[in-house]
1. Sum -39500 (n - 2.57) across every DSSP H segment of at least 4 residues in the chain, then divide by the residue count to get the 222 nm mean residue ellipticity, nearest 500.
2. How long is the chain along each principal axis, judged by its Cα atoms, biggest number first, in Å?
3. Can you put 136, 53 in order of Cβ neighbours within 10 angstrom, beginning with the fewest?
4. Helix 83-110 versus the longest principal axis of the chain: what angle, 0 to 90°, nearest 10, using Cα atoms?
5. With a Cα-only, solvent-free Debye model of region 67-158, what are the log10 I(q)/I(0) values at q = 0.14, 0.18, 0.23 Å⁻¹?
6. Relative to the longest principal axis of the chain, what angle (0 to 90°, nearest 10) does the C-alpha long axis of helix 148-159 take?
7. Tell me the angle of helix 37-63 to the major Cα principal axis of the chain, expressed in degrees between 0 and 90 and rounded to the nearest ten.
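Values quoted throughout were computed directly from the atomic coordinates according to the rules given, and no laboratory measurement underlies them. In this text the structure is predicted, and so the values were computed from the model without any measurement. When we count neighbours, we look across all protein chains shown, and the Cβ atoms used for this are built from the backbone with ideal geometry, even at glycine.
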Ligand code: OFO
């Protein structure tokens with residue numbers, strides 16, 4: 001059984017994962033309109049993954065005797081000035097999510113909720129991957145600079161799973 005404190009923290013994280021999904025969705029739509037099909041495909045997939053993160057939390061809360069709440073949908077902020085800004089925004093957002101996940105892990109220890117602590121380790125590992133992915137993409141974009149041929153190849157690379165191979169971590 002989860003304590004009310006842990007339940008509330010997990011429900012707050014449900015809302016944040018839903019918001020992440022919205023943000024990726026807005027970025028995907030922006031990229032698609034720019035003709036960056038590979039980037040769009042990558043971001044649409046990632047939006048789905050954030051929704052999966054949300055669902056995983058919701059199911060866990062309910063399994064542990066809590067009640068997961070479906071969060072309201074907010075309009076994502078506009079942060080799409082260019083492809084580098086998109087991925088800078090992604091890295092910033094993922095670092096924030098990592099901090100939120102760490103705060104829940106910390107709360108679990110304080111509450112002596114070792115079951116949720118164990119469950120949250122999946123998210124801890126996931127965040128390492130997500131930050132790595134965002135940094136890797138940003139490094140590539142720095143290398144490409146204004147090179148249009150490089151951007152074309154980068155877009156194609158993301159279409160087939162993403163830089164570093166293996167696709168977006170889920
Ligand atoms: Fe992008 O991360 Fe969810 O948890």
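1. -27000 deg cm²/dmol
2. 55, 27, 22
3. Ascending Cβ contact count within 10 Å gives the list 136, 53.
4. So the helix axis and the longest Cα principal axis differ by about 10 degrees.
5. -0.69, -0.92, -1.15
6. Roughly 40 degrees, rounded to the nearest 10.
7. Once rounded, the angle reads 0 degrees.
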